[in-house]
Amino acid sequence: MRRSILLLATVVAVLTLASDAAAQWFVDGYVGASLTSEDTVTFTTFGVEREQDADFKSSAIFGARLGKWFDALPWLGLAGDVSYFRASADLHVFPITALLMARYGLLRDDEFKHGRLQPYAGLGGGLFVSHLDGSIGFLEASDTSADIGLDVRLGVAYHFETSWAGFFEYRFTHTSPTYTVEPFGGSTPGDTTLNTNHFVLGVSYRF
């Protein structure tokens, strides 16, 4: 959690310093697939700590991103991202993250001064709101958790027009929520970890 907070602080600091700089803004939309790695739910009953396998599965992901690349440092950018995926049938996850981004331009010419082909990376974190309504393993629960999480991106964008690009992106997210679960007729906090790999395709508008 401390690392994620430090990343967010870094993003905010860069945003503050660069807020007056000229920039190329972009709006992205994307869809894809998400796969949350198997994990356990840890909880305590009758004074004994127990673990139960969590039944995480693949799902679709949908998201949108708003950001800007700075003219003074055209390889450097900032972005905010909102997305949605399901770690299991009953577990809905809504990441809201801030990203510090970097890119490198390939296939440059007079029309595409920053490169027609642009590999890029993003690093940051933010708030992961997750809602569990049903079961996780054999544990019943209906609860919402809001937690700090990590967000890492690697992708490549290709400009098919001056203002439009398509992109493919790999994304990794990490967060550790806690839900009130109900084992053996009682209730107790249950901790788990959501490590999720995302593979997305999207369209970007640059202005």
Is one or more of the residues making up the stretch 104-127 among the small types (Gly, Ala, Ser), at pLDDT below 95, farther than 24 Å from residue 205 by Cα and surrounded by 15 or more Cβ atoms within 10 Å (Cβ to Cβ)?
no
Restricting attention to the stretch 151-188, which residues are touching a Phe, Trp or Tyr at 6+ places or on another chain (Cβ under 9 Å) and β-branched (Val, Ile, Thr)?
152, 156, 162, 173, 175, 181, 188
Would you confirm, using the coordinates I've provided, whether residue 111 is on the phi < 0 side of the Ramachandran plot, among the charged types (D, E, K, R) and in a loop (DSSP other than H, G, I, E, B)?
yes
Among (1) at pLDDT 95 or above; (2) closer than 20 Å to residue 36 by Cβ; (3) not hydrophobic (A, V, I, L, M, F, W, C), there is one condition residue 135 misses while meeting the rest; what is its number?
(1)
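To keep it simple, each residue is scored yes or no on (1) closer than 17 Å to residue 121 by Cα; (2) of a type in the set (Phe, Trp, Tyr); (3) touching a helix residue (DSSP H, G or I) at 6+ places or on another chain (Cβ under 6 Å); (4) at pLDDT below 95.
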position	(1), (2), (3), (4)
14	yes, no, no, yes
22	no, no, no, yes
33	no, no, no, no
62	no, yes, no, no
66	yes, no, no, no
95	no, no, no, no
Mind checking which pairs have a first residue in the stretch 137-159 that is more than 19 Å from residue 106 (Cα to Cα) and a second that is of a type in the set (Lys, Arg) and at pLDDT below 95, Cβ under 8 Å, 6 or more apart or different chains?
150/3
Search the stretch 160-172 for residues being under 30 Å from residue 128 (Cα atoms) and without any contact (Cβ under 8 Å) to a residue 60 or more places away in the chain, and hand back the single one that is surrounded by the most Cβ atoms within 10 Å (Cβ to Cβ).
171
If you take the residues in the stretch 132-159 that are over 13 Å from residue 95 (Cβ atoms) and under 16 Å from the mean Cα position of the chain (by Cα), which one is surrounded by the most Cβ atoms within 10 Å (Cβ to Cβ)?
155
Kindly check whether there is at least one residue in the stretch 180-189 that is among the acidic types (Asp, Glu), buried (at least 16 other Cβ atoms within 10 Å of the Cβ) and in a strand (DSSP E or B).
yes
Report whether or not residue 192 is in contact (Cβ under 8 Å) with a residue 60 or more places away in the chain and surrounded by 15 or more Cβ atoms within 10 Å (Cβ to Cβ).
yes
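The values are calculated or read from the model by the stated rules, or taken from the named source; none is laboratory data. What you see is a predicted model; the values in this text were computed from it and never measured. In this analysis, Cβ positions are derived from the backbone assuming ideal geometry, glycine residues included, and neighbour counts consider all displayed protein chains.
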